[in-house]
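The values are calculated or read from the model by the stated rules, or taken from the named source; none is laboratory data. Fair warning: this is a prediction, and the values are worked out from it, not measured in the lab. Ideal geometry is used to build each Cβ from the backbone, glycine not excepted, and the neighbour counts take in all protein chains shown. Protein only, heavy atoms only, side chains kept; ligands, DNA and RNA dropped before computing areas. Shrake-Rupley method; radii C 1.70, N 1.55, O 1.52, S 1.80 Å.
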Amino acid sequence: MLNADQGALGSDDNRWDGSKLRIAIVQARFNENITNALTEACKAELQALGVQPENIDHVQVPGALEVALALQALAETEQYDALVALGCIIRGETYHFELVANESGSAVTRIGLDYQIPIANAIITTENLAQAVARQTDKGRDAARVAVEMAKLLEQLA
């Protein structure tokens, strides 16, 4: 669904002011070329939104199913305003794709709700490598924007 209308915030909207935020990124290494690109785009956008480099922590895990445990450990520290989940699941020939996609997505959502911390889920799921490459930069940027906007929203609602 490329070019989907996601709504827009003005560049001066304070919901994209990450200058006082601390954010952690959990990156799955599986499909590493894609997840490295997601990570680079996410970090660059976080910094463009004002998050200081020293306030961006980055950890890696083997694959998408391991992302949730790292997110949970980070959430338990209560040191972060938001978390970002990055990974890439490409459909293969077996049911494993559905299992990994469904379980990782569910676990990420559950941790956000259980710990009341925003988690931008950019564990992308695609039919093939070409689709993953086409989405890697935009989805990394989107994850950074979601993390900052939701951290600011929860701050406002508190």
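Give the angle, between 0 and 90 degrees and rounded to the nearest 10, that separates the Cα long axis of helix 129-157 from the longest principal axis of the Cα atoms of the chain. Result, in degrees: 30.
Think of it as helices only: each DSSP H run of n ≥ 4 in the chain is worth -39500 (n - 2.57), and spread over all residues that comes to -17500 deg cm²/dmol at 222 nm. In this Cβ point-charge picture (+1 for Lys and Arg, -1 for Asp and Glu), the chain has a dipole of about 120 debye about its Cα centre. In this structure the chain gives 55 Å² per residue of accessible area when probed at 1.4 Å with all protein chains present. Atom-type composition of the exposed protein surface of the chain places 48 percent of the accessible area on carbon and sulfur (1.4 angstrom probe). Could you calculate the FRET efficiency of Ala48 with Glu127 from 1/(1 + (r/R0)^6), where r is the beta carbon distance between them and R0 is 30 Å, rounded to 0.05? The computed FRET efficiency comes out at 0.50.
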